Amino acid sequence: MVKYRFVSEEQFNAWAKQNYAQEFAFAFDSWDTIFEMEDIERKVCSDTIEIDGEIYVSTQWYPFNITDLGNRITEVKE
């Protein structure tokens with residue numbers, strides 16, 4: 001699992017308004033909440049997100065894809 005966060009509040013808000021994001025957006029405390037998912041650079045898409053130890057699985061669509069990395073989300077290095 002790799003840790004990610006949104007690059008900005010604007011990017012989070014735009015994403016959260018999308019129909020496919022509704023299964024996940026409610027679980028974020030704020031736009032900069034750190035979440036985990038499979039390495040998007042290797043998987044291209046992931047249908048599972050872990051936020052604060054809770055796992056959320058999409059029933060409709062992938063919440064992110066490889067084009068979101070660097071544009072909408074960024075990897076968090078510890």
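Hey, what number do you get for the chain at 222 nm if only DSSP H runs of n ≥ 4 count, each worth -39500 (n - 2.57), divided across all residues, to the nearest 500?
Theoretical 222 nm ellipticity from helices: -4000 deg cm²/dmol.
Please work out the average accessible area per residue across the chain, using the 1.4 Å probe convention, and give it in Å².
Counting only protein heavy atoms, the per-residue value for the chain is 62 Å².
Where the accessible area of the chain is counted over protein heavy atoms with a 1.4 Å probe, how much of it, in %, is carbon and sulfur?
That fraction is 43 percent.
Just grab the label-to-label distance for GLN22 and LYS77, each label 7 Å out from Cα along the Cβ direction, in nm (one decimal).
Output for this residue pair reads 3.9 nm.
Taking K and R as +1 and D and E as -1, what net charge do the other residues with C-beta under 13 Å from the C-beta of GLN60 add up to? It would help to have the intermediate numbers written out before the result.
Working: positive: none; negative: GLU23, ASP47.
That sum, taken over residues with Cβ under 13 Å, equals -2.
Using r as the Cβ-Cβ distance of ASP52 and ASN13, and R0 as 25 Å, what FRET efficiency do you calculate, to the nearest 0.05?
Once rounded, the FRET efficiency stands at 0.80.
Near the amide H of VAL76, under 5 Å away, which other amide H atoms are found, from residues 5 or more places off or on another chain, if H is placed in the peptide plane?
Distant-sequence amide H within range of VAL76: LYS3, TYR4, ARG5.
The values are calculated or read from the model by the stated rules, or taken from the named source; none is laboratory data. All figures in this text were calculated on a predicted structure; none of them were measured in a lab. Cβ sites come from the backbone with ideal geometry, for glycine too, and all protein chains shown count toward neighbours. Calculation scope for accessible area: heavy atoms of the full protein, side chains included, ligands and nucleic acids excluded. Shrake-Rupley method; radii C 1.70, N 1.55, O 1.52, S 1.80 Å.
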